[in-house]
Amino acid sequence: MWISPKGGYVDGKLNIYAYDVSVSVPGAVCGLNALLENAVYEVSLFALYFFQYWLLECGVATETVKKFTMKNVELEELHLTYLIYSGNKNKANNRILELARRGLTLFSGDMIKKNKRKAAVEYRNSDWNCYVRISKSSKFDIAAYVKSFVIPKSFCGLPTVVSDKIFAISQNYVRFEVKLKKAWFSEKVTVLDADGRKVKKKQLSKWASPLSWKGKAGEAMYEQVFEEARDLLRLNEKLNQRRHRPDFMKTLSDEHRAILSKHYAGTSFKKLPFKSKDAKQRSKVKRAIQKLCGVDLYIPWEEQKELMQLEWLVYPGMFNLDSVPEQLKDYAFAGRTIKKKKEEMKEKLRFFAKHNDLQSQAIAAALHRARDISRMPDDGGESDLMGNI
């Protein structure tokens, strides 16, 4: 965890208006983040507790610390994790390979490469531990991998004998992550300026407030994010994998039929027989063919017909703590374990706050005695005080 102040100098004085708090809450609370459910409100609450604890450690008065509440918390970045049960580690890794192949087909075509300064799809396979990252949206990134061991430089606060048992469960799941970037948490709205003119203004969206993620509303938001990721992967579109039959081809316009025939033959997009040389008109024709025929002219036909379908990539719902043995439930950030850990953290805060108050009172009393001493007369005063001690 790290905490960083946000602010600047005003008239030579440092003015802090907020703090950045970055923490992997499941790992900090349970010792390992291998088994977890999405719980944005609860995660934000833990982050607030950690921040309050840090303030108390810094000697900030309890009454001041209490002024920081969930209403003051804003989200700037968020990692949502969806655990998709796959039966075993090999099957889970195979699914990640399928996801990587679909990503490479969709985002590494001739036309698409020219629009990216870096690879949209990163894929790694080390000793059959697969990892894929897809960066194609300004609002979020996608990653998928299997968590089956402690990654170097990552955190694990559990004994090996315990973590191995956790990994024996987590390795059966595809860990599908959606990293929401800063752009996700803002929106543009139309407002009236001082002169009554309509202007666009950027403001925080509902996604930025942890309170919006509470309860059933939060569960609906998790599913909405997952569907956005599916949309990016075009899983909700119909993309044909078989050539259209001659009788269907006859129903197309001459231009559409000529273009589609050449595309099936392997002709690149630039050399397809569009009637117009205008880029906008070509794009319009491309979209029309895609809607009518389910064929994307940017993707080589030999690749589209082999496109991985990812039937398994459907919203898995919330991770169920029932799939974890009783003796390991304390190490899974889900269900009643979250409630238990939350109460433990609240008790730590109460204890520390009480200790902090007693310490402050003792310091205040000592300062009060020191002021009394400074007011005492020199003749006999010191002796009397020492005698009393």
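Tabulated data for the structure shown
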{"item": "Reachable aspartates and glutamates, given that their alpha-carbon falls under 14 Å from the alpha-carbon of residue 354 and they are not under 8 places away in the same chain", "result": "57, 63"}
{"item": "Residue among 338, 151, 169 with the largest mean-square fluctuation in a Gaussian network model of the chain, springs linking Cα atoms under 10 Å", "result": "151"}
{"item": "Shape category assigned to segment 141-256 from the gyration tensor of Cα positions, a/c cut at 1.5", "result": "oblate"}
{"item": "C-alpha long axis of helix 40-57 to longest principal axis of the chain, angle in °", "result": "30"}
{"item": "Formal net charge of residues neighbouring residue 95 (Cβ-Cβ distance under 13 Å; K, R +1; D, E -1)", "result": "+3"}
{"item": "Crossing angle, helix 160-170 versus the chain [Cα axis fit, 0-90 degrees, rounded to tens]", "result": "40"}
{"item": "The chain: most fluctuating residue of 64, 81, 105 per GNM, C-alpha cutoff 10 Å", "result": "64"}
{"item": "Computed E for residue 241/residue 270 - FRET, C-beta separation, R0 30 angstrom, nearest 0.05", "result": "0.80"}
{"item": "In degrees, nearest ten, helix 89-107 long axis to first principal axis of the chain (Cα)", "result": "60"}
{"item": "Projected area, mean over directions - segment 274-334, Cα convex hull, nm²", "result": "7.9"}
{"item": "Aspartates and glutamates whose Cα lies under 20 Å from that of residue 286, excluding same-chain neighbours fewer than 8 positions away", "result": "110, 231, 237, 254, 255, 278, 296, 302, 303"}
{"item": "Nonlocal Lys pairs with alpha-carbon distance under 16 Å, segment 154-256 (8 or more apart, or different chains)", "result": "11"}
{"item": "Highest average packing first - 21-27, 272-278, 210-216, 171-177, Cβ atoms within 10 Å", "result": "171-177, 21-27, 210-216, 272-278"}
{"item": "Share of pairwise Cα separations in the chain, more than 38 Å, in percent", "result": "42"}
{"item": "Ranked by how many other beta carbons lie within 10 Å on average, peptides 118-127, 220-229, 10-19 from highest", "result": "220-229, 118-127, 10-19"}
{"item": "Gain in span if fully extended, residue 217 to residue 70, counting 0.36 nm per residue against the direct Cα distance", "result": "51.2 nm"}
{"item": "Phi to ³J(HN,Hα) by Karplus 6.51 cos²θ - 1.76 cosθ + 1.60 over segment 205-214, Hz, x for Gly, Pro", "result": "8, 4, 5, 6, 9, x, 5, 5, 8, 7"}
{"item": "Equivalent ellipsoid semi-axes, segment 1-100, via Cα gyration tensor eigenvalues times 5, rooted, Å", "result": "37, 16, 11"}
{"item": "Estimated FRET transfer efficiency when R0 is 45 angstrom, pair residue 2-residue 303 (beta carbons, to 0.05)", "result": "0.55"}
{"item": "Over segment 246-304 - Rg/Rh using Cα atoms and the Kirkwood inverse-distance radius", "result": "0.92"}
{"item": "GluC sites (Glu not before Pro) within segment 245-349: DSSP coil, no more than 16 neighbouring Cβ in 10 Å", "result": "306, 311"}
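None of the figures in this text is laboratory data; all of them are computed from the coordinates on show. Computed from a prediction, not measured in an experiment: that's the story for all the values here. Positions of Cβ are generated from backbone atoms using ideal geometry, with glycine treated the same way; all protein chains shown enter the neighbour counts.
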